[in-house]
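Asks: Quick one: structure below, then a few questions.
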Amino acid sequence: MKINYSKFLIIAVGTIILTTEILNAQQPALRLRDDFRIQIGWEDEYENSTYDPITGATTYLNEAHILTFGRSLSTWNNIINTPTDPQNNGQWGIEAWNGGFNICKPWPNPWYGNYKLYIDSNDCVGIGTGYPFKLPLGNGQFINFKLDVQGYVASDWWYWYSDRRYKKNIQSLESDISRLLKLNGVRYNNSSEILKNKLEKMKQFEPKNEEEKYRHLMEIGTIERQLYDKEKDTLTHFGFIAQELRELYPELVVENAEGYLAVNYTGMIPVLVEAIKEQQNEIKSLRAEVNNLKDKGFEKTNTSQVISTAKLYQNNPNPFSENTEIKFYVPDNSSSAMICIYDLTGSQIMKFDLRNRGNSSLTVRGRELKAGMYIYSLIVDGKEIDTKRMILTE
């Protein structure tokens, strides 16, 4: 059975097919098959393909068949309630694309673009990207990352499978603080330069036909959205430079097919734990040594040595009417030292903190005191070394 309605044909031969007839060439649009399957825009052969020099991907154009929903937000005039673009590509779309399944926002919607959610043929999911992260192993082999998100991710909790039964070749991790100390933590903001360069290259690409032009517009829209998000991101981040980290811990850095590096920050946790354990052992060892020295009277002996070598000299001139000089000697290994001046009632009237070690002196100005007799003392590490008298005349 064949029914022709000017622009559309309905063909029934074991299946029901809704197709278009353009220049006598049947373009399949909808097929209801007798095996209870519905196909939208199928092709039996992939006759056309294109190679994207930016992404390095080969795209089969005839594979891109899209089912759209809603009205295109940028093509509807709400005042007269009519479409300004009669084509109206829809607000959301789902399609089979490049061997995967793509949820997109068709052009010319605001923020149109591909890969709002993309699932490739390896069961890998990309959000904001149609090329989920692949780790090259050489000889054309890759490790496919199951999830690649272009943007921030928020979650209440994350858990990682870490059961011993999932692991093999288990080895204890040896601490190496010297290597860890070479690592530099940095503060930084996200840069948009990579996306800008990628967008510039894509805009130089010249599509060969309308289908390729549409797909290229969608790719540009995807990058423009990512670029917008990057440039409005003013958050400050903390982390490592991947190139530096790879020199010290190469196991924690991976490189994708485009040459960009990614860091396994979670893998740093065991490294830091072992470093803390090593430092704790060193602290315990030092504490034991200190306690051992205390038990042997080291602290008492050391203080006695300081007291025995410290020296206070008689002021000169004495008596004095204007200024007088007090000389003293404070050992290099003393912690604190001062000279205090007292009146004959024992009240402290002046204090000089001594910063210099070895032989030194200070000057007492007569105008700062009343005429009379005073006593002055040298105190080192809380111990009185010596006390002497001085006389100030009018």
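Values quoted throughout were computed directly from the atomic coordinates according to the rules given, and no laboratory measurement underlies them. Remember, it's a predicted structure, so these values are computed and weren't measured experimentally. Virtual Cβ from ideal backbone geometry, glycine too; neighbours counted across all protein chains shown.
Asks: Fewest to most neighbouring Cβ within 10 Å: what's the order for Lys182, Lys311? If you can, show how the numbers build up before the last one.
Replies: Values: Lys182 11, Lys311 15.
Ranked by crowding around the Cβ, least crowded first: Lys182, Lys311.
Asks: Rounded to whole Å, give me the distance from the Cα center of the range 208-224 to that of the range 346-394.
Replies: Cα centres, the range 208-224 to the range 346-394: 88 Å.
Asks: Put a dot 7 Å past each Cα toward the Cβ at Ile194 and Trp157; how far apart are the dots in nm?
Replies: 3.2 nm
Asks: Continuing with the same structure: Taking a spot 7 Å from the Cα of Glu289 along the direction of its beta carbon, which residues of the range 168-186 have an amide N less than 13 Å from it?
Replies: none
Asks: Report the FRET efficiency, 1/(1 + (r/R0)^6), for Glu244 and Trp92, where r is their Cβ-Cβ distance and R0 is 51 Å, rounded to 0.05.
Replies: The value I calculate is 0.75.
Asks: Length gain on complete extension for the stretch Arg165 to Met350, per 0.36 nm per residue less the alpha carbon to alpha carbon distance? Could you put the intermediate results ahead of the total?
Replies: On the way: separation 185, 0.36 × 185 = 66.60 nm, distance 7.49 nm.
Full extension of this stretch gives 59.1 nm more.
Asks: Further question on the same structure: If we count other beta carbons within 10 Å of each Cβ, what is the order of Val263, Val186, fewest first? Intermediate results must be reported in sequence, preceding the final value.
Replies: Working: Val263 17, Val186 10.
Listed from fewest to most nearby Cβ atoms, that is Val186, Val263.
Asks: How long is the gain from Arg187 to Glu384 if the chain were fully straight, where each residue apart is worth 0.36 nm and the alpha carbon distance is subtracted? Let's see the in-between values first.
Replies: Details: separation 197, 0.36 × 197 = 70.92 nm, distance 5.15 nm.
Additional length available on full extension: 65.8 nm.
Asks: Among the listed pairs Lys146/Lys168; Lys208/Lys230; Lys134/Lys213, give every one whose C-alpha distance is greater than 29 Å. Write out the running numbers ahead of the final one.
Replies: Details: Lys146/Lys168 22 Å; Lys208/Lys230 31 Å; Lys134/Lys213 27 Å.
Too far apart for the 29 Å limit: Lys208/Lys230.
Asks: Sticking with this structure for a sec: Ranking request for peptides 323-336, 145-158: highest mean number of other beta-carbon atoms within 10 Å first, then the rest in descending order.
Replies: Numbers: 323-336: 16.1, 145-158: 9.9.
By packing density, highest mean first, the sequence is 323-336, 145-158.
Asks: Another question, then. Once the convex hull of the C-alpha atoms of the range 310-392 is built, how many Å³ does it hold per residue, rounded to a whole number?
Replies: On the way: hull volume 6.5 nm³, N = 83.
Expressed per residue, the convex hull around the Cα atoms of the range 310-392 is 78 Å³.
Asks: Run the simple label-point estimate for Leu369 and Thr309 please: 7 Å along Cα→C-beta, distance reported in nm.
Replies: In this crude label model, Leu369 to Thr309 measures out at 3.0 nm.
Asks: Then there is this: Using Cβ counts within 10 Å as a stand-in for footprinting exposure, how do Lys168, Lys351, Lys198 rank, fewest first? Please list the in-between numbers first.
Replies: Values: Lys168 6, Lys351 10, Lys198 18.
Lowest count first: Lys168, Lys351, Lys198.
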